[in-house]
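Student: Here it is: the structure, laid out below.
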Amino acid sequence: MSEQNRLRDAGAIVGIGATEFSKDSGRSEMRLVVEACEAAITDAGLSPSQIDGMVTFTADTNPEIEVARNLGMGELSFFSRIHHGGGAACGTIQQAVLAVNAGVADYVVAYRGFNERSGHRFGTGVQGRPPLATAESAHFAWYAPFGLLTPAQWVAMFAQRYLHEYGATSEDFGRIAVADRKHAATNPKAWFYEQPITLEDHQNSRWIVEPLHLLDCCQESDGAQALVVTTPERAKDLAQPPVIVKAAAQGAGENQDMMTSYYRDSITGLPEMGLVARQLWNTTGLTSDDVQAAIIYDHFTPLALPQLEEFGFCARGEAKDFIRDGNIELGGRLPINTNGGQLGEAYIHGMNGIAEGTRLVRHTSTNQPENVEHVLVTAGTMVPTSAVLLGVA
Amino acid sequence: MTTTDTDEQAAFLTKLRAFQGTEAGTEVGADPVNQAMIRHWVEAMGDQNPVYVDPDAAAQSVHGQVIAPAVMLQAWVMRGIRGRPAQGGSPRDELMGMLDDAGFSSVVATNSEQEYDRMLHLGDHLRTRTVIDSVSEEKHTGLGVGHFVTTRVEYETTEGEPVGRMLFRILKFKPGTGRSAAPSDDAARRPLRPRPALTQDNAFFFDGAKQHRLLIQRCAQCGRLRHPPGPRCPRCGSYEWNAQEASGRGTVYSFVVNHYPQVPAFEYPLAVGLIELEEGTRLVANVVGIDPSDVAVGLAVEVEWLDEDPDLTLPAFKPRA
């Protein structure tokens, strides 16, 4: 990790745009992405021809050149894709900040879109993937033949050990789901709008993979999200109050595996997220005390707990107490996932979380806490990951 | 398993394997390749390609004449309901008799692979030459304990022109020794487990598993054990490695019990453990021989072997006695 990160306050999110979030969009994934990008560009007060850079996930199936062609963007001088599924989310913003600071692009769109429910369902995992003689394929040789095939199953192995070591319970995981759904219930864009759940609902929901209940698992969604990034200097002239990227970071930990870092001395922490946290704090000089709200990546509830620990909102193993004390709800010390998170709003691989972080700094969230100055947004867990710290100009 | 069992098995396997490479007889097809049999076949298969039945259309095709479907190869020299000759005596019959007498009396055809040298035409008259290709060691399969027997059949015309060949594998097994006393149709029809993707870095593990050896990659220079394996020792930098056979004893470091989604290759609920071996490395494997709801972190376990199918053997762990 470099101690020389100079990208403090170096970028601004100036536009956000999304499609509706559904279970059956009825449109192509390409169309969803094009619609979201157009909405984000319009939100910024820009025209497509002003966009000269694009970033997405390697997991995305919509090539940037096709998106650009459909939007009439013209020439692109920067394009980049990031690996590792949902871990890429905030990394797309970091790429955009790097690009606009290096002068290789002026306005960069980051996007992600899919028909993840009506098309190929992510929850089915890697069953049916052909075994190829590549390292990425061979990785699954240690899991697929034994029936460990889905993200929920990979995460559950970690969760079981976490429960064992720290005396947390399934209810502690459930409290994350309850908070998410409570926040989704008042967000009209959320799939689970007006559908809050109780802890009892959580406990009564069927097992998906012990120790994960159905309500510990995020949804599969159809939809797309896009964001526009430029320099703080250019942001001053645009339509929205700029949301400053105080810092952005990526991280892969020691002995990192893709979803299955089971071979470290301890498997109850997220060292890759710890690395990301150290970079955010080092770059900005801020600490967890300076953060008033957070979007904590929640594909599965258990991994929200060690994230709170890695960023220093509570001590290791004490996230259960932090959560039990009501800190993550509106009015608490650190309201999280005010859009409903991925369990409540939609699962757009973390990109909708960055949009909510942007709204929180703009003070336009449907669940807006008062006095928000800095918002933390995190990306996928158990994979190489990323995060951004957003703030007012 | 006692030493005596193992010795007896080894002796029996030696006798069985004496048949490997043995010529197991020749046979001549009852009829040459003919239109009537072809017609019955393609009607049964629902294949409407005219090249098999319409001389005019076939003449216009790249073949220039009617051809037989390639996969009919085996059909041209099958014994059909004539059955085996009264006085057996062929080495293949002798081998089957030995297996029957040892209790491996049930048989199931597991797979066959065919190769074709050319298309067959009306009037081609075929004969076969059969060689016993291989006999496997004793395997524990879903159907039961048994030996896989592979024969290689060479097909040629009665004039001696080679036209194709076939590897044909059967499992001779002891009835009642499978997953359940009476193997259900479901178990027999269960799709195969997902195949591991093999590279030069990990194949040794799965090769070892076929021999019921639980192997851990070991750096040849500094001796460090590592799993999952890789090409270079992260500690000392050596690219040289070998493998150490694990004791097979360990404890459950963590585990999950899968309920959904249910993939047909597996039975649910399915317990999957992260096993910490005595040697210090961890690996993922199924936990068996215990109700999934009784699995717990810290459970002492030992390896047992799942001979899933002819190509896949996996370690599993059961509570230690």
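The values are calculated or read from the model by the stated rules, or taken from the named source; none is laboratory data. Note that this is a predicted model, so its numbers are computed, not measured. No Cβ is skipped: glycine too gets one built from the backbone with ideal geometry, and neighbour counts run over all protein chains shown. Side chains are part of the model used for accessible areas, which takes the heavy atoms of the whole protein and leaves out ligands, DNA and RNA. Shrake-Rupley method; radii C 1.70, N 1.55, O 1.52, S 1.80 Å.
Student: Give me the accessible area of B:F19, 1.4 Å probe, in Å² rounded to the nearest 10.
Tutor: Its accessible surface works out to 20 Å², give or take rounding.
Student: Which whole-angstrom value gives the distance between the alpha carbon centres of region A:125-148 and region B:104-145?
Tutor: So the two Cα centres are separated by 30 Å.
Student: Follow-up question, since we're still on this one. Find how many whole Å separate the alpha carbon centroid of region B:267-321 from the alpha carbon centroid of region A:299-367.
Tutor: After rounding, the separation between the Cα centres reads 36 Å.
Student: So which residues in region A:233-277 end up with at least 30 square angstrom less accessible surface once the other protein chains are there, compared with the chain by itself, probe 1.4 angstrom?
Tutor: A:Y262, A:Y263
Student: Here is a follow-up. With a ≥ b ≥ c the root eigenvalues of the C-alpha gyration tensor of region B:3-189, is it rounded (a/c under 1.5), prolate (a/b larger than b/c) or oblate? Let's see the in-between values first.
Tutor: Numbers: a/c = 2.83, a/b = 1.92, b/c = 1.48.
Here region B:3-189 falls in the prolate category.
Student: Taking a ≥ b ≥ c as the square roots of the Cα gyration tensor eigenvalues, with a/c under 1.5 meaning rounded and otherwise prolate when a/b beats b/c, else oblate, which class fits region A:107-183?
Tutor: Numbers: a/c = 2.17, a/b = 1.19, b/c = 1.82.
Since a/c reaches 1.5 but b/c is at least a/b, the shape of region A:107-183 is classed as oblate.
Student: For B:R213, B:R190, give me the order by solvent-accessible area with a 1.4 Å probe, most accessible first, ignoring ligands, DNA and RNA. Before the final figure, lay out each step's value.
Tutor: Details: B:R213 90, B:R190 60 Å².
Sorted by accessible area, descending: B:R213, B:R190.
Student: Can you give me the Rg/Rh ratio for region A:182-316, using Cα atoms for both radii and the Kirkwood formula for Rh? Mind dumping the intermediate values first?
Tutor: On the way: Rg = 18.3 Å, Rh = 18.2 Å.
Result for region A:182-316 is an Rg/Rh of 1.01.
Student: Averaging sequence separations of C-alpha pairs under 8 Å and six or more residues apart, then dividing by the length of region A:55-209, give the relative contact order as a whole percent.
Tutor: Numbers: 127 pairs, mean separation 23.2, N = 155.
The value is 15 percent.
Student: Quickly estimate the mean residue ellipticity at 222 nm for chain A, helices only: each DSSP H run with n ≥ 4 gives -39500 (n - 2.57), and the total goes over all residues, rounded to 500.
Tutor: On the way: 13 runs with 126 residues, N = 393.
Helix contribution divided over all residues of chain A: -9500 deg cm²/dmol.
Student: Please compute the alpha carbon radius of gyration of the protein assembly as shown, then divide it by the globular-protein estimate 2.2 N^0.38 Å. Two decimals is fine. Walk me through the intermediate numbers first.
Tutor: Working: Rg = 31.3 Å, N = 714, 2.2 N^0.38 = 26.7 Å.
Ratio of Cα Rg to 2.2 N^0.38 Å: 1.17.
Student: Same structure again: Keeping all protein chains in place and using 1.4 angstrom, which order do A:L390, B:L167, A:L132 fall into by accessible surface area, from largest down?
Tutor: On the way: A:L390 0, B:L167 55, A:L132 90 Å².
So, going from the largest accessible area down, we get A:L132, B:L167, A:L390.
Student: I've got another one for you. Charges on Cβ only, +1 for Lys and Arg, -1 for Asp and Glu, centred on the Cα centroid of region B:203-319; of B:G237, B:Y253, B:F204, which one is farthest towards the dipole's positive end?
Tutor: The listed residue farthest towards the positive side: B:G237.
Student: Follow-up question, since we're still on this one. Of A:M1, A:M30, A:M54, which has the most accessible area and how do the rest follow, probe 1.4 Å?
Tutor: Details: A:M1 95, A:M30 35, A:M54 0 Å².
Largest to smallest exposure gives the sequence A:M1, A:M30, A:M54.
Student: Before rounding to the nearest 500, sum -39500 (n - 2.57) across all DSSP H runs of length at least 4 in chain B and divide by the residue total; then give [θ] at 222 nm in deg cm²/dmol.
Tutor: Working: 6 runs with 56 residues, N = 321.
Theoretical 222 nm ellipticity from helices: -5000 deg cm²/dmol.
Student: Could you tell me how many degrees, from 0 to 90 and to the nearest 10, lie between the Cα long axis of helix A:271-284 and the main elongation axis, the longest principal axis, of the Cα atoms of chain A?
Tutor: That helix lies at roughly 40 degrees to the long axis.
Student: Let me ask another. As a test question: what accessible area, to the nearest 10 Å², does A:W207 have when a 1.4 Å probe is rolled over all protein chains in place?
Tutor: 90 Å²
Student: How many Å² of accessible surface get buried when B and A come together, counting both sides, probe radius 1.4 Å, rounded to the nearest 100? Present the calculation step by step, with values, prior to reporting the outcome.
Tutor: Values: alone 17650 and 15190 Å², together 29720 Å².
Looking at B and A, the buried total is near 3100 Å².
Student: Which angle between 0 and 90 degrees, to the nearest 10, do you get for helix B:91-101 versus the longest principal axis of chain B when only C-alpha atoms count?
Tutor: Value to nearest ten degrees: 50.
Student: Quick one: helix A:29-44 against the long Cα principal axis of chain A, what's the angle to the nearest 10°, folded into 0 to 90?
Tutor: Once rounded, the angle reads 60 degrees.
Student: Please get the size of the charge dipole for chain A, origin at its Cα centre, with Cβ charges of +1 on Lys and Arg and -1 on Asp and Glu, quoted in debye to the nearest 20.
Tutor: Values: 28 positive and 46 negative charges, 59 e Å.
The dipole of chain A has a size of about 280 debye.
Student: Let me ask something else about it. Output needed: percent of Cα pairs per 10 Å distance bin for region B:6-45, bins running from 0 to the one holding the longest distance.
Tutor: Whole-percent P(r) values from 0 Å outward: 22, 21, 17, 19, 19, 3.
Student: Near A:S261, within a Cβ-to-Cβ distance under 10 Å, what is the net charge of the other residues, with Lys and Arg +1 and Asp and Glu -1? Kindly include the intermediate steps, with their values, before the conclusion.
Tutor: Working: positive: A:R264; negative: A:E254, A:D257, A:E272.
Charge balance in the 10 Å sphere: -2.
Student: To the nearest µm²/s, what D does Stokes-Einstein give for chain A at 20 °C and 1.002 mPa s, using the Kirkwood radius over alpha carbon pairs as Rh?
Tutor: 104 µm²/s
Student: Post the alpha-carbon centroid distance, region A:68-85 to region A:241-277, in whole angstrom.
Tutor: Between the Cα centres of region A:68-85 and region A:241-277 lies a distance of 26 Å.
Student: For B:K139, list the aspartates and glutamates whose Cα falls under 12 Å from its own Cα; do not include residues on the same chain fewer than 8 positions away.
Tutor: Cα-Cα hits under 12 Å: B:D307, B:E308, B:D309, B:D311.
Student: Roll a 1.4 Å probe over the protein chains and send me the accessible area per residue for chain B in Å². Present the calculation step by step, with values, prior to reporting the outcome.
Tutor: Working: 16120 Å² over 321 residues.
The answer is 50 Å² per residue.
Student: Another question about this same structure. Mind checking which of A:G391, A:N367, A:C218 is farthest towards the positive end of chain A's charge dipole, using Cβ charges of +1 (Lys, Arg) and -1 (Asp, Glu) about the Cα centre?
Tutor: Of the options given, the answer is A:C218.
Student: Could I ask something else about it? Over the Cα atoms of region B:171-316, what is the Rg over Rh ratio if Rh follows Kirkwood? Could you put the intermediate results ahead of the total?
Tutor: Details: Rg = 16.9 Å, Rh = 16.9 Å.
Dividing the radius of gyration by the Kirkwood radius yields 1.00.
Student: What does the C-alpha gyration tensor say about the overall shape of chain B? Classify as rounded when a/c is under 1.5, otherwise prolate if a/b is larger than b/c, or oblate. Please list the in-between numbers first.
Tutor: Details: a/c = 2.15, a/b = 1.94, b/c = 1.11.
Since a/c reaches 1.5 and a/b is larger than b/c, the shape of chain B is classed as prolate.
Student: Keeping all protein chains in position, work out how much accessible area A:H120 exposes to a 1.4 Å probe, and write it in Å² to the nearest 10.
Tutor: My reading of the accessible area for A:H120 is about 120 Å².
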